[in-house]
Structures are given as structure tokens and as C-alpha cells.
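The values are calculated or read from the model by the stated rules, or taken from the named source; none is laboratory data. Here the structure is a predicted model, which means the values were calculated and not measured. In this analysis, Cβ positions are derived from the backbone assuming ideal geometry, glycine residues included, and neighbour counts consider all displayed protein chains. Surface accessibility is based on the protein's heavy atoms, side chains included, excluding ligands, DNA and RNA. Shrake-Rupley method; radii C 1.70, N 1.55, O 1.52, S 1.80 Å.
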Amino acid sequence: MLRVGFYQFYPAFGEVEKNLRQIVKSLSAVEADLIVLPELVFTGYHFTDRSEAEQLAEHPSDSRTVEMLSDLSLKKDMIIVSGFAEKSGDKLYNSSVLIGPQGLIHIYRKIQLFYREKEIFDPGDTPPTVHQIKGTKVGMMICFDWIFPEISRILALKGAEIICHPSNLVLNYCQKAMITRCLENNFFAITANRYGTDYRPHGKLRFTGQSQIVAPKGELIYRAKSRQEEIYITEIDPSIARDKKITELNDLMRDRRPDFYRDICS
Ligand code: ACM
């Protein structure tokens, strides 16, 4: 059994240090094996332009955020998945870090950029991967990746039992869609969404909260409210994500007919 959960948080735009301190303080009181934080949770989301995002982003190898999350992970023996504005040379990615007691384990760079993110970030340049932590296999995707079922599927094919899904959702469809993603892939999904509004000179943007955890077969374990801070932790058995059988004669992975799906890859 594994204790997993999310932290639904309202970042103060541009106040990386303040957000980091608040998150570390809150998580210091949490007992969990795995916790997921929202997308871009230290910087906020609604950047004026790329240069503003660049000023707030960090190189993971020289990042106070990664350092503090690693220290926290070691202290609490808790795996942390978190949104992260990543600088890499002259590139800028909307990323998610996977951090364990040993430090940074992996960085996933969002593949499917949403709306004006295309003017701010470079698109992810590596495929989604799966990592063994505490006896289970986890994969990461970020927010709008949800609408491309290929991303969930490739993570399932690589063996993911838990999808960690940092998000800054502005539309209302994702939470419902993730129930289907879990049903069609028989994995758990932890969607950690932010709430609140980024008020900026060029306009405001409100985020929808309702972070959630969905089990295989599409069972909604818990959904948070739209407008409040919340840390939710529950105990799950990730091994139930391994059996892909739907009936005695149907298996979600083995029954696929990729010969007939080739056009998807064109
Ligand atoms: C989103 O991908 N942040 C909507």
C-alpha cells in the first residue's frame, strides 16, 4: 500500500521564494509516500511574455527549489512531483520534476503546450518515461497533455501504475476526461491543480481547482473543491493497476490492434 496525494495551492505570481517557503512548511506536516503539486507552482502561470518567464525559471542543477524539495524529500522519505519552470541553455520548458531522497530523479518537459504557452515555452523534446519509486511505477504528464490520449497510453504501455499530473487548468473538461483515461488504461491518476487567479497587467486568468485522484476502472476516489487550499492524502494499492484484464477474454493492452492504428503515428 502507498500513501499518495496532492497539494492544491494558490501561488503568489512571481514570488518563487515565498511560494517555496509556504509549500515546504505545509508539506513538513504531511505523512505520505508520494505527493503531487500543481504545474508552475513556484512562479505562477500567466506570464506577460517569455522574458518574464525566463527571469523566474531555474536551471535544475542550480536551483534552490530543487535543493529544498530534495532536502524535504530526504527528511520525510516522501517522493515529490512538482511543476517547475525550467531553464536549459537558451531553452525554456514547462516541466515537472520527480524528486526523491536522493535528489532529482527525472524532469519531464510538457509536450502539448496550451494556448499562449506556445509563445512562452519551448515544447518538450523527450518522450514521457516511467520510473520505479517505492515499489511502484510512476509517470508524469502536465496539464493539457490530458487531451491527447496518446500520452496516457504510452505511459501505460511503459508500465505506469500512477500518473502524476501537475496542472493549471482553466477549462472544465479535464477532471471528467481523466476518469476515462484511468478506465481505458487501468492506472491511477493524481491531478494536482492550482486554484485562484493570476491578476496581471495584461489580464487575469482564473484556475479551477478540483484536484482529484482517480483509480483504475475510473473510480473517483476524491475531488477537491474549486476555491480552497487543500492537502489530500489517501492510501492506495498500486498493484491493482497491473492487471489489465476487463473480462476473462479481454486485456486492455494485449487486445490492442496497432496494425490498424498506424495512421496515428503519421
Ligand atoms: C494548461 O495546460 N495549463 C491549461
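Considering region 27-51 alone, what residues qualify as being over 18 Å from C164 (Cα atoms), out of contact with any Asp or Glu (no Cβ under 6 Å at 6 or more places or on another chain) and within 14 Å of the ligand (Cβ to nearest atom)?
T43, F47
For region 36-78, which residues satisfy the criterion of being of a type in the set (S, T, Y) and buried (at least 18 other Cβ atoms within 10 Å of the Cβ)?
If the condition is that a residue be of a type in the set (S, T, Y) and buried (at least 18 other Cβ atoms within 10 Å of the Cβ), then T43, Y45, S63, T65, S70, S73 are the ones that fit.
Condition (residue is in contact with a strand residue (DSSP E or B) (Cβ under 6 Å, 6 or more places away or on another chain), more than 19 Å from F144 (Cα to Cα), open to solvent by less than 80 Å² (accessible area, probe 1.4 Å) and assigned to a strand (DSSP E or B)) applied to region 184-206: is it met by at least one residue?
Checked against the condition, which is being in contact with a strand residue (DSSP E or B) (Cβ under 6 Å, 6 or more places away or on another chain), more than 19 Å from F144 (Cα to Cα), open to solvent by less than 80 Å² (accessible area, probe 1.4 Å) and assigned to a strand (DSSP E or B), region 184-206 yields no hits at all.
Can you tell me how many residues in region 151-170 are more than 12 Å from the ligand (Cβ to nearest atom), among the small types (G, A, S) and either surrounded by fewer than 23 Cβ atoms within 10 Å (Cβ to Cβ) or closer than 24 Å to Y115 by Cβ (or both)?
2
Considering only residues that are in a strand (DSSP E or B), more than 16 Å from the ligand (Cβ to nearest atom) and out of contact with any Lys or Arg (no Cβ under 7 Å at 6 or more places or on another chain), which ones fall in region 76-91?
Within region 76-91, I80, K87, S88, K91 meet the criteria.
Residues being closer than 27 Å to F13 by Cβ, open to solvent by 10 Å² or more (accessible area, probe 1.4 Å) and out of contact with any Lys or Arg (no Cβ under 6 Å at 6 or more places or on another chain): count how many of those fall in region 209-246.
9
Out of (1) within 15 Å of the ligand (Cβ to nearest atom); (2) modelled with pLDDT of 95 or more; (3) open to solvent by 10 Å² or more (accessible area, probe 1.4 Å), what's the single condition that is false for Y173?
(2)
Would you check which residues across region 92-150 are of a type in the set (S, T, N, Q), more than 16 Å from F47 (Cα to Cα) and within 14 Å of the ligand (Cβ to nearest atom) and list them?
S96, Q112
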